[in-house]
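Working notes, structure below.
The values are calculated or read from the model by the stated rules, or taken from the named source; none is laboratory data. None of the values given here were measured: they were computed from a predicted structure. No Cβ is skipped: glycine too gets one built from the backbone with ideal geometry, and neighbour counts run over all protein chains shown.
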Amino acid sequence: MNAKQLYKEMKVDKLTTMKCKPCEGGVPPLNSQEIAAYMKGIDKDWHAVANKRIIKTFSFVNYMHTMDFVNRIAALAEEEGHHPVMHVQYGKLEVELWTHAINGLSENDFIMAAKIDAMQQGDR
């Protein structure tokens, strides 16, 4: 099955309507085909690193705008029970997502990415 077929089957266009599920490990991380399918459901500025993480850099006009977005992501992370790593700089934020319990990517990472994208798009 190719990434396009997986995309349709997984309904990744609905990621913002989905809820993260607890992951305690014991399940395999997504494979490269699944990752390619899920990547179609998030902003093109996210990139996969070694099929283990997805990363996106956001730019802002100043530090306070950056921190406002960081705090909104933090609130979302608490709501979803899935917490990204965030690297904060003046006017810049790098968000890294992966599922620590499986040391790789899960559907939760793409749900969070889609919801973070939706938050940013709401700011425009």
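Restricting to segment 44-82, name every residue that is surrounded by 15 or more Cβ atoms within 10 Å (Cβ to Cβ) and not in a helix (DSSP H, G or I).
First, the residues of segment 44-82 that are surrounded by 15 or more Cβ atoms within 10 Å (Cβ to Cβ): 46, 48, 51-56, 58, 60, 65-66, 69-70, 72-73, 76-77, 80, 82.
Scanning segment 44-82 gives Trp46, Ala48, Asn51, Lys52, Arg53, Ile54, Ile55, Lys56, Phe58, Phe60, His82.
Return yes or no: is Ala118 among the hydrophobic types (A, V, I, L, M, F, W, C) and in contact (Cβ under 8 Å) with a residue 24 or more places away in the chain? Judged against the criteria, Ala118 is a match.
Just name the residue that is farthest from Ala77 (Cα to Cα) out of those in segment 1-27 that are among the polar types (S, T, N, Q) and modelled with pLDDT of 65 or more. Explain how you work it out, then say what you get.
Filtering segment 1-27 down to residues among the polar types (S, T, N, Q) leaves 2, 5, 16-17.
Keeping just the survivors that are modelled with pLDDT of 65 or more gives 16-17.
Values: Thr16: 13, Thr17: 15 Å.
Looking at residues that are among the polar types (S, T, N, Q) and modelled with pLDDT of 65 or more, I get Thr17.
Of all residues in segment 83-106, none satisfies the criterion of being part of a loop (DSSP other than H, G, I, E, B), over 19 Å from Cys20 (Cβ atoms) and among the hydrophobic types (A, V, I, L, M, F, W, C).
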